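Down below is the structure, laid out as structure tokens.
The values are calculated or read from the model by the stated rules, or taken from the named source; none is laboratory data. This is a predicted model, so every value here is computed, not measured. Positions of Cβ are generated from backbone atoms using ideal geometry, with glycine treated the same way; all protein chains shown enter the neighbour counts.
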Amino acid sequence: MTSLPLVFEAPRRALPPRHLADLDEAGRRAVVTELGLPAFRADQLSRHYFGRLESDPDAMTDVPAAIRDQLGGALLPRLLTEVRHLETDAGTTRKSLWRLHDGTLVESVLMRYPARKDRAERITVCVSSQAGCGMACPFCATGQGGLKRNLSTGEIVDQVAAAARAVARGEIGGGPGRLSNVVFMGMGEPLANYPRLVAALRRLIEPAPSGLGLSRRSITVSTVGLVPAIGRLADENLDVTLAVSLHAPDDELRDTLVPVNTRWKVAEVLAAADAYAARTGRRYSIEYAMIRAVNDQPWRADRLGELLSNRLAHVNLIPLNPTPGSEWDASPKDVEREFVRRLQGHGVAVTVRDTRGRDIDGACGQLAASG
Ligand code: SAH
């Protein structure tokens, strides 16, 4: 007798367990009703999670233990398990490595910026939207590892909830505080995980008990420039801040630095960002990693300045952070200063991003989530 090859047993990937953050209010109530419980229990559970930032159902002491177990089992599974965290800057920068239900690893980075005379304190979490990334930008460690999988809405939101909890409980340097900003600049291309991203944004923005109640403008979605998705995002009325990773003003160089440019060119990406800004009435940022002798020439500064001079955009220069195996360096400071000067000469607002977390491989482009 010949045995059949086991071709029918295609490897099936278990989805992350369902979490209340995956659902809207009606969805949460439907699950609870199906358990035979009154719908208000769903609201109680989400107040617990979004309002009190509690992830342990047993801490819901205002609910009978048996019901707690039922609710927790159905809607509050543990999505993220901290493998370890690394801290620097006197505990005000903290990178967490999380293990997901299927063993996949992702990272998020929490950063506290003290108040300055012109600005209130900011506490920002940089979250991942995918495990790995499929965009293959050659200067980014995440891009070099390829895409493992999309994160679920719950897995994205729970990174923010965990950060908000750590901040509220004073687990980061500087004592208890309040999470103020979220940037989608961790692992992954957020717009390549579109439906999960948009649902996560809703959870972040909606007030408790449905969400974390963060302000729209304090949330930034950074993209390589997936043009159709930028258009769709504008229509969602979420009004979050958009950041576009440009890194070169000319298609010839951008084709190599941001490979998706071979599909959507600089002019198309900027037109999509303009349309987004027109909808929201808000400036977008152009991210530009300063790579020595690659994209930092004075003529490229001028070209970028000309491109942006009449746009609702500002430039955020990012000194290149080192990544394993890359022979590229950050631009020298005098080259960076000249680049800034030329952009400003075209009337373009410029900031230079700090290199927070570099010593713990927690800075832009360094997240690789190796166990
Ligand atoms: N996929 C999104 C989020 C990426 S991370 C995007 O591409 O926009 C946020 C920013 O860090 C992006 O602008 C990205 O290009 C940049 N970046 C990646 N690697 C970097 C590195 N080694 N040094 C500095 N910036 C880097």
**Message:** Please list, ordered by residue number, the helices (runs of 4 or more DSSP H) wholly in the range 107-226 having 3 or more residues that are buried (at least 20 other Cβ atoms within 10 Å of the Cβ) and under 13 Å from the mean Cα position of the chain (by Cα).
**Reply:** 153-168, 194-205
**Item:** Residue ID - farthest from the ligand (Cβ to nearest atom), chosen from residues in the range 219-230 that are closer than 16 Å to L201 by Cβ and not β-branched (V, I, T)
**Value:** A229
**Fill in**
Among R217, R300, R283, the single one that is out of contact with any strand residue (DSSP E or B) (no Cβ under 7 Å at 6 or more places or on another chain) and in contact (Cβ under 8 Å) with a residue 12 or more places away in the chain is R300
**Prompt:** Can you pull out the residues in the range 107-130 that are under 19 Å from E82 (Cβ atoms) and either away from the ligand (no atom under 13 Å from the Cβ) or among the basic types (K, R) (or both)?
**Reply:** L110, M111, R112, I123, V125
**Prompt:** When the residues of the range 339-371 are filtered to those that are at pLDDT 95 or above and in contact with a helix residue (DSSP H, G or I) (Cβ under 6 Å, 6 or more places away or on another chain), which remaining residue is farthest from S96 (Cα to Cα)?
**Reply:** H346
**Item:** Filter result for A192 (within 13 Å of the ligand (Cβ to nearest atom), touching an Asp or Glu at 6+ places or on another chain (Cβ under 8 Å) and not basic (K, R))
**Value:** no
